[in-house]
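The structure appears below as structure tokens.
The values are calculated or read from the model by the stated rules, or taken from the named source; none is laboratory data. Just so it is clear, the structure is predicted and the values come from calculations on it, not from any experiment. Neighbour counts are summed over all protein chains in view; Cβ atoms, including those assigned to glycine, are modelled from backbone coordinates with ideal geometry.
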Amino acid sequence: MTAGRARSRRLGMTTVVVALAIGVGGTATTATAATPGTTATAAATAAPSSATAAEKVDYETWQRDVRAIIDEQARPYIEERTANPSGQKQAIVLDIDNTSLETDFRFALPQHPVEPVLKLSQYAHERGVAIFFVTARPGIISWPTEWNLEQVGYSVAGLYVRHLPDLFQNVADYKTAKRAEIEKNGYTIIANIGNSATDISGGHAEKSFKLPDYDGQLS
């Protein structure tokens, strides 16, 4: 996926979310270190159907692939890891677009959650784990993004969006820095979940889980 294509898809998503923000009548405002661990991935195939990138990915296939990673890999790990926190302030970091919310599949208000990820976050939260969101979305849509997450059932301990200085920084470096910041606040990040390499590279999580993006077809 080229940098230009990635920027174009991100701009399209941002335009839609800004429109949704206007629709809800709000103006947007901003909102011991774990060692780098392993990354769990699953091979996923795309089912072409039409011209646009998102439409080339079959929704049911995507849901099945996401569920396989969350239910068969992430959930057992979280169950085991949270069974004995040993006094740690545990945290999970989630990406948003096509990780926590179905950004490329349903343009709705609010955007629909990715159900397997939502259920995992709710389970972890019930066990005392703080849920943080680190996204490449710009700060202008921080408020509607947080509103959306909470409306569909996520607990939001913190939302990190890109402000003006961050826009000049590599996305992977920006996300790594935000995870390091969470650690500096006393949290142990037991899991980091995203659908892009930029979401999970750079460490600062005990374990990372990569959801499918089908070679960049999903934002």
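Of the helices (runs of 4 or more DSSP H) lying entirely inside the range 56-162, not one contains at least 1 residues that are at positive phi.
Does Gly186 satisfy the condition of being of a type outside the set (Phe, Trp, Tyr) and in contact with a strand residue (DSSP E or B) (Cβ under 9 Å, 6 or more places away or on another chain)?
Numbers: of a type outside the set (Phe, Trp, Tyr): yes; in contact with a strand residue (DSSP E or B) (Cβ under 9 Å, 6 or more places away or on another chain): yes.
Yes: the conditions hold for Gly186.
Filtering Tyr123, Tyr154 for residues that are aromatic (Phe, Trp, Tyr) and in contact with a strand residue (DSSP E or B) (Cβ under 9 Å, 6 or more places away or on another chain) leaves a single hit, Tyr154.
Of all residues in the range 138-160, those that are modelled with pLDDT under 95 and under 12 Å from the mean Cα position of the chain (by Cα) total 0. Taken over the range 78-103, the criterion of being charged (D, E, K, R), surrounded by fewer than 21 Cβ atoms within 10 Å (Cβ to Cβ) and under 21 Å from Ala180 (Cβ atoms) is satisfied by Arg81, Lys89. Out of all the residues in the range 104-129, which are modelled with pLDDT of 95 or more and crowded, with 21+ Cβ neighbours inside 10 Å? Matches in the range 104-129: Gln111, Val114, Val117, Leu120, Ser121, Ala124, Val129. The residue that is modelled with the lowest pLDDT, among those in the range 70-97 that are in contact with a Ser or Thr (Cβ under 7 Å, 6 or more places away or on another chain) and over 11 Å from Ala191 (Cβ atoms), is Gln88.
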